[in-house]
Amino acid sequence: MRNVLQSAQTQATEIVSKLEPELNSVQARVKELGPVAIDTTETPELSQQRTQLNQEQTELDSQIKSARLIHVEARQGIEEIAQQRRLRFKTELGQRSQPVLTPRFWANLKRDFPNDWKRFQSLSNDFEKAVQAVPLRTWLVSSALAAVLIVISILLRRSMLEFTIRHTKPTRLRRSLATFFQVIVFTLVPGLIVSVFAHGLEWDQTLDTSLTTLVQACTSAAYMAGFVTGLGKALLSANRPTWRLPPLSNGIARRLSWIAPVLAFLIVITWVSQPLLNLTNASLSTTVLMGNLTTITFSIVIAISAIHLSVALKRSLAEHDPNLPFLPKWLKTLPSLLGIVIGLNLLALLFGFNAFSALVVLELVWVALIFCSAYLMMLLVGDSSQAMLQQLKLWCTNDDISQMQLRTRSQVVIVLSAVLKVALVFSAISLAFSPFGEDPSDWVKRRLGFLYEGFNLGEAVLKPTSLLMALAILLGGVYIIRMLRNWMQEQFLPATRLDPGMRVSASNLFSYVGYFVVGAMTISSLGIGLERMAWILSALSVGIGFGLQAVVQNFVSGLILLAERPIKVGDWVSLNGVEGNVRRINARATEIEMFDRSTLIVPNSEFITKTVRNVTLTNPLGVVKLSLLMPMKTDADQVAEVLRQAMASQADILEDPAPSVSLDGFDANGLAFSANCFVSSPRHSSRVRSALFFEIVRRLRQADLSLHPTQNVTVKPDAQSVASVSGKQGTDEITEALNRK
């Protein structure tokens, strides 16, 4: 149909070009006859000639208008067919066309290429005429402006580098800003230069629509080429390794430095060739040939890049240089994956899947550009947030802002940074499919319809795509929840006024709610609405009544513990004669680390249904109690003073409440003294008590005070003998008497 319309368009153009001279000749002859005079009567021959000429003029004009109308309608039909063909190219990725190695493909190309070449020459001639119509002074001014832009770009790059060095601290933010500015300069300068020449081309004349479209495509391609070149030079930074952001060695950066300019050149060719094919209404064979050339060229560049990357990685690993940056695992497997994808893609091209192979190779290039751009932006956001947090801490240290302002502003910076990073991720995902229009799943629907329609298993309808979607939602949701939970624990919650225990409780509650939402989304993706979950809830209630009662009880008890917080992480608790520190409150059980470093797993219901002693619930003071028994002859005031001095020498003992010393009583054994003092936490009591005993013993010995009262021991080995001894000497005599006995 397209060939027929093109033939009709060509014939209409030929008819117009043939009839227009005849029409001009007839009009000239009518003009020679002049107008009909009112007062005179024409001769019959002149009147007949005038009538015949008017009739010929009317017929020729009618034929020319009809030919032009046919030309316009044929062009509209060709454009509609081209649009439908491009739509099929985007959607019917599985459509198999003629392989490039078959004779039929080259026969069709031989048939269609001459007409395509003629239309291309016509377009190029129009463009050449438009260029020649522009005055020389316009081109000179445009060239001067282009030279000025080049000089400005060089000076701007140097000045931006000096600005970042002078006005930023030697952190990652300096490198991120320099890289970002470099990409902007490389993007703007080529596009502005082409825009200058484009405005010069349109300065004194109005271009045809086709030429305007071509010029706009060239301008967009220049911006894109500059962006690709700047992004590659900025990220690889082969000449300045210290300014390189990615964790790449110098060998890898140098081997990959050529990729960005080559890709920029190929992107320009591809970007401009598409509107050229559309403007010339190229045939299908010519379009397929250009697509195959593009696919093969990009595949070769990607394959060579993978080889260079593989060689550079092997050399970097073989050198064992400790100064080399850490290389991620995905980078080590990237060359092999690229080789496999490119090999399979070339096989698909040889078998005639031209659209699919073109999509794969262009998608690889586009995803690489999106990944590099998102990587640069996320580094810039992260480095900016870290720099702002450091500046806020510096202001707080210099008393420019208060602690409350520091916490509030830190929270705002952390949340804003996280929001921007999430927005960048979603934008990158959406941009990855934007150049290709509709989603390629339309082809899968036609070829693998049962994956979407599903199959019946009794009354249930199972859809493999729904199962895969549910699995993807489940895995992705769990990963996102864990990532957000780590972000809350490590970045957001430390910037709040919450204590460490409450931070853990808040993060646990967030994870529970997140897992519930992910579970509900997973069930909904399977096609099971919440209103259809009655039978599942019924079965679940029966299971709870029999076997899951303890599990549910512990889970609910865990939620109560997190909500009411009778115990929290870090508390010293005593339960059923067991004491230890709470280390983690899970959904079912609580982990208690005992003082011998062992871990006790206690069900959460134990803390709800039984009596629990929380030593550190309300931050109580620790009490240190001492009891001393001194001989009756000891000076009580001197002992009390020794105890007071010993307690005053310990820095951990609080002054308020003040320590106290009391004499509890006396009997035959001696004087009973007691001393009480307070420390900041019950956890310090045993340590301070031990240190205080050491100090008291040392001071009593210095004061020559007896440490123990005299003990009277009576040993009766039999009814007739009694030995009464005292002190160390009595002990020896007792031993001898017992030995004799």
Check on V642, out of contact with any strand residue (DSSP E or B) (no Cβ under 8 Å at 6 or more places or on another chain) and surrounded by 16 or more Cβ atoms within 10 Å (Cβ to Cβ): yes
Candidate set: the stretch 231-241, residues that are touching a helix residue (DSSP H, G or I) at 6+ places or on another chain (Cβ under 8 Å) and not small (G, A, S); chosen: the one modelled with the lowest pLDDT: P241
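Residues checked against (1) free of Cβ contacts under 8 Å to residues at least 60 places away in the same chain; (2) surrounded by fewer than 17 Cβ atoms within 10 Å (Cβ to Cβ); (3) more than 23 Å from V311 (Cβ to Cβ):
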position: W243; (1), (2), (3): no, yes, yes
position: R254; (1), (2), (3): yes, yes, no
position: P261; (1), (2), (3): yes, yes, no
position: V272; (1), (2), (3): yes, yes, yes
Qualifying residue in the stretch 577-595 (condition: in a loop (DSSP other than H, G, I, E, B), touching a strand residue (DSSP E or B) at 6+ places or on another chain (Cβ under 9 Å), without any contact (Cβ under 8 Å) to a residue 24 or more places away in the chain and surrounded by fewer than 17 Cβ atoms within 10 Å (Cβ to Cβ)): yes
Test result for G527, touching a helix residue (DSSP H, G or I) at 6+ places or on another chain (Cβ under 9 Å), surrounded by 12 or more Cβ atoms within 10 Å (Cβ to Cβ) and modelled with pLDDT of 85 or more: no
Tabulated pairs, the stretch 97-115, first among the small types (G, A, S), second assigned to a helix (DSSP H, G or I), C-beta under 7 angstrom, 6+ apart or interchain: S97/V288; S97/N354
Residue tally, condition under 11 Å from L53 (Cβ atoms) and among the small types (G, A, S), over the stretch 17-33: 2
Among the residues listed as F516, F510, the single one being surrounded by 14 or more Cβ atoms within 10 Å (Cβ to Cβ) and either aromatic (F, W, Y) or at pLDDT 85 or above (or both): F510
Check on I601, farther than 30 Å from D704 by Cα, without any contact (Cβ under 8 Å) to a residue 24 or more places away in the chain and either in the same structural domain as L692 (by TED's automatic domain parsing) or not polar (S, T, N, Q) (or both): yes
Residue among N239, N281, N292 that is part of a helix (DSSP H, G or I) and assigned by TED's automatic domain parsing to the domain that holds S310: N292
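The values are calculated or read from the model by the stated rules, or taken from the named source; none is laboratory data. The structure presented is a predicted model; accordingly, all values stated were derived computationally and were not measured. Counting neighbours? That spans all protein chains shown, and the Cβs are built from the backbone with ideal geometry, glycine included.
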